[in-house]
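What follows is calculated from the coordinates using simple rules that are stated; it is not laboratory data. Quick caveat, the model's predicted, so the values are computed rather than measured. Ideal geometry is used to build each Cβ from the backbone, glycine not excepted, and the neighbour counts take in all protein chains shown.
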Amino acid sequence: MKDEIFITQQSVDNVIDALSKTTPDDQLFRIERGAQQVASLWRHQDGTAQEYETFCIENFIADSHLLSQLFDKLEHNFELFNGYFHRINLKLKEPLHLDGPAIQPIDMMFGGYDVSAHLNDDMYSSKIAFITALNFPFYSLDEKTELGNNWTRQQWAYARMGDRFISRVPAALQQDISRTLTNADTYIADYNIYMGQLLNKDGKKLFPADMKLITHWGLRDELKSNYADAEHGLEKQRMVYQVMKRIVDQTIPQQVINDGTYEWDIQNNKIYSDGKEIASTPELHKRYEVLLKNFHVMKQLDPYSVHYPTQLERSFDSRMEVPQKDVETLFTNLVSSPMVKEVAAFIESRLARPLEPFDIWYNGFKSRGSISEDKLTALTSKKYPNAAALEADLPRILQDLGWSAQKAKEITSLITVDASRGAGHAWGASMRNDVAHLRTRIGEDGMDYKGYNIAVHEFGHNVEQTITLNDVDYYMLSGVPNTSFTEAIAFLFQKRDMELLGLQETNPEDDHYLALDNFWSSYEIMGVSLVDIQVWEWMYANPDATPSQLKEAVMTIAKDVWNKYYADVLGGNDETLLGIYSHMIDNPLYLPNYPMGHLIDFQIEQQVSGKNMASEVERMLVQGSIIPQQWMKGAVGQEISIDPLLKATKEALDALK
């Protein structure tokens with residue numbers, strides 16, 4: 001088969017022997033790594049085993065000056081590829097992303113076209129990939145952790161060049177993955193519940209007739225919003241909770257998914273049409289069939305991923321760059337901390353009732369401003385009637401956050417504001433001195449407060465993108481270690497949105513509520529993440545499982561985690577609530593990124609507190625995309641930790657009790 005690895009260890013040894021005779025001893029590590037790496041990527045279409053050997057012997061560079069020259073040329077040209085392909089992609093997607101005429105089928109065709117789809121194949125056929133892999137060794141996460149503290153910036157940049165070509169996945173498999181994940185995404189996107197058709201135990205409808213909620217996000221947010229409803233809130237929360245449990249155990253009738261035709265008595269799990277009971281069919285195990293397909297397709301990557309041979313290793317060691325065992329230790333230490341029961345007692349005293357399992361989503365820690373949203377919208381719509389008005393105000397916003405006039409102008413000259421079709425997003429550039437795009441929604445009457453709040457968040461992303469692209473010393477080190485870090489910077493901006501309108505109401509309790517909110521959110525999402533991790537471990541241990549067996553396994557794992565860390569706090573035994581998250585079904589092993597983001601965000605916020613935010617943010621960001629734990633040590637003086645959050649949570653409880 002043409003996609004198989006066929007270079008033998010004997011061929012690799014031949015290369016090592018030949019090169020070690022003509023190069024200094026201190027190059028042996030590079031020779032061994034390079035020869036192995038190229039062997040793992042070389043396929044039949046690239047040449048014979050003899051041609052592999054000749055290529056390695058002729059193209060290995062031992063001289064440090066010549067190696068530096070090669071690095072500079074590769075880095076420069078990769079920036080050109082990334083930058084210009086990104087520009088084309090951005091332009092092709094404009095009709096889809098920007099406010100404008102109705103989208104035509106041809107817009108969808110061009111918008112879905114991936115201009116760089118064949119770039120990787122071309123890098124191999126031109127042998128550019130091989131010369132890169134041969135001369136810039138790949139280092140594992142353990143090696144980066146152990147050696148990285150003593151590396152120069154150039155050595156870090158070389159190591160990132162070594163990450164560039166580490167697996168060669170056949171195009172057909174890439175398409176299969178894309179198709180499978182798109183199908184999973186569509187399954188979740190169409191998983192809506194018509195809340196106006198839910199019946200309580202007395203046969204009454206409590207939700208608005210037109211309310212349609214997506215699983216799980218919409219259901220969760222509706223549950224949260226009902227803490228404010230003194231009359232029916234608790235009953236509605238219990239109904240939402242019942243719906244969630246029926247989705248997890250798949251007893252939910254197929255007929256009520258994305259369909260508002262029937263009334264649904266969730267207590268007795270019966271459906272009605274015009275008062276008459278109708279026979280219903282449970283969904284059975286479709287949810288777990290989708291999850292299993294994700295597992296099977298991602299597992300196909302294993303043989304092509306020499307360094308990260310499982311999806312768990314790819315998610316933690318490669319994507320997040322924090323070892324799985326370290327992540328699990330952080331999570332289990334927080335969810336089993338004595339602080340959990342203290343915060344729970346505080347919540348119970350505020351609710352004046354015993355806690356129930358769904359109180360895992362308690363959201364009463366948000367500081368409530370005294371200015372109504374209508375008044376805020378009146379202010380923002382006058383200030384920002386269009387995208388140009390927001391763009392013109394960006395330098396002032398940065399100056400208010402502590403940047404000098406000159407630096408604020410320099411950063412914002414590389415950020416442009418576009419009126420978007422959707423809620424908005426931040427799209428960074430991919431080459432230096434190109435512009436980042438802040439997409440934001442602005443209605444005919446100007447920007448409402450919700451849109452402004454999102455725009456300030458997205459602007460935070462743009463500032464991070466611009467600094468980490470233009471002010472970092474090597475292009476190969478541009479960016480941040482992983483998505484949690486850019487989210488942390490965006491939240492720093494978003495939290496100051498009122499201040500930027502000149503409305504900051506300083507409440508000494510705000511910081512305390514912020515700590516409690518972060519703690520309780522972390523407690524919730526860490527348990528869910530532990531379930532996600534254990535489910536993937538189970539699938540690897542049981543690769544031939546049926547959807548029905550997977551359903552039982554997910555429910556068992558969710559119950560075990562609940563009984564261990566939540567039952568004593570929130571009541572309930574054998575609860576399956578931690579299995580409701582949609583990410584588990586449509587985004588393989590993405591969930592653990594959220595709680596890591598909470599911790600990073602909190603530590604950065606504490607570091608910035610009382611200091612000039614601009615200089616602190618700049619100092620942190622110019623470290624670029626080194627590994628997370630080293631970035632954090634440079635940024636806040638310690639690795640990712642739950643200790644600052646536990647300390648602040650204790651201080652908050654002492655102050656607020």
| Rounded, prolate or oblate (a/c below 1.5 giving rounded, otherwise prolate when a/b exceeds b/c) for the range 281-419 by Cα gyration tensor | oblate
| remark: Of the listed pairs Lys73/Lys127; Lys450/Lys495; Lys236/Lys366; Lys236/Lys286, those with alpha carbons more than 23 Å apart are Lys236/Lys286
| field | DSSP-defined antiparallel bridges as percent of all bridges, the chain, nearest 5 | value | 70 percent
| Each label point is 7 Å from the Cα along the Cα-to-Cβ direction; what then is the distance between the points at Asp544 and His232, in nm? | 5.2 nm
| query | What is the chain's relative contact order, in percent, from Cα pairs under 8 angstrom and six or more apart in sequence? | reply | 15 percent
| Cα gyration tensor category, rounded, prolate or oblate, for the range 610-657 with a/c compared to 1.5 | oblate
| message | Students often check this: by mean Cβ neighbours within 10 Å, which of 614-625, 345-356, 388-399, 451-462 ranks highest, and how do the rest follow? | response | 451-462, 614-625, 388-399, 345-356
| request: Could you name the lysines whose alpha carbon sits less than 18 Å from that of Lys559, not counting residues in the same chain fewer than 8 places away? | output: Lys245, Lys551
| Pairs from Lys564/Lys657; Lys144/Lys407; Lys224/Lys341 whose Cα-Cα separation, in the structure shown, is over 30 Å | Lys144/Lys407
| With the contact rule set at Cα under 8 Å and sequence spacing of 6 or more, what percent relative contact order holds for the range 373-501? | 24 percent
| Residue-averaged [θ]222 nm for the chain, counting only DSSP H segments that reach four residues, each worth -39500 (n - 2.57) | -18000 deg cm²/dmol
| Global form of the range 373-501, assessed from the alpha-carbon gyration tensor, a/c cut-off 1.5 | prolate
| query | If you take every DSSP beta bridge whose two residues both sit in the range 373-501, what share of them, in percent to the nearest 5, is antiparallel? | reply | 50 percent
| Once the principal axes of the Cα atoms of the range 374-435 are found, what is the range along each, listed largest first in whole angstroms? | 40, 29, 15
| Taking Rh as the Kirkwood radius, which is the inverse of the mean 1/r over Cα pairs, what is the Rg/Rh value for the range 273-315? | 1.44
| Hey, which aspartates and glutamates would be in cross-link range of Lys205, C-alpha to C-alpha under 12 Å, not counting anything within fewer than 8 residues on its own chain? | Glu235, Glu263, Asp265
| message | Could you work out the percent of alpha carbon pairs in the range 9-166 separated by over 26 Å, rounded to a whole number? | response | 41 percent
| message | Debye calculation, C-alpha points only, no solvent: report log10 I(q)/I(0) for the range 427-519 at q = 0.11, 0.13, 0.15 Å⁻¹, in the same order as the q values. | response | -0.42, -0.57, -0.72
| note | the chain: Kirkwood hydrodynamic radius (Cα pairs, Å) comes out at 27.5 Å
| Using a Förster distance of 56 Å, how high is the FRET efficiency between Asp560 and Ala102, based on the Cβ-Cβ distance and rounded to 0.05? | 0.65
| query | Antiparallel as a % of all DSSP beta bridges within the range 361-441, to the nearest 5? | reply | 45 percent
| request: For the range 511-631, state the semi-axes of the equivalent ellipsoid (square roots of 5 times the eigenvalues of the alpha-carbon gyration tensor), sorted largest first and rounded to whole angstrom. | output: 35, 19, 9
| query | Glu552 to Lys657: extension gain in nm, 0.36 nm per residue of separation minus the Cα-Cα distance? | reply | 33.6 nm
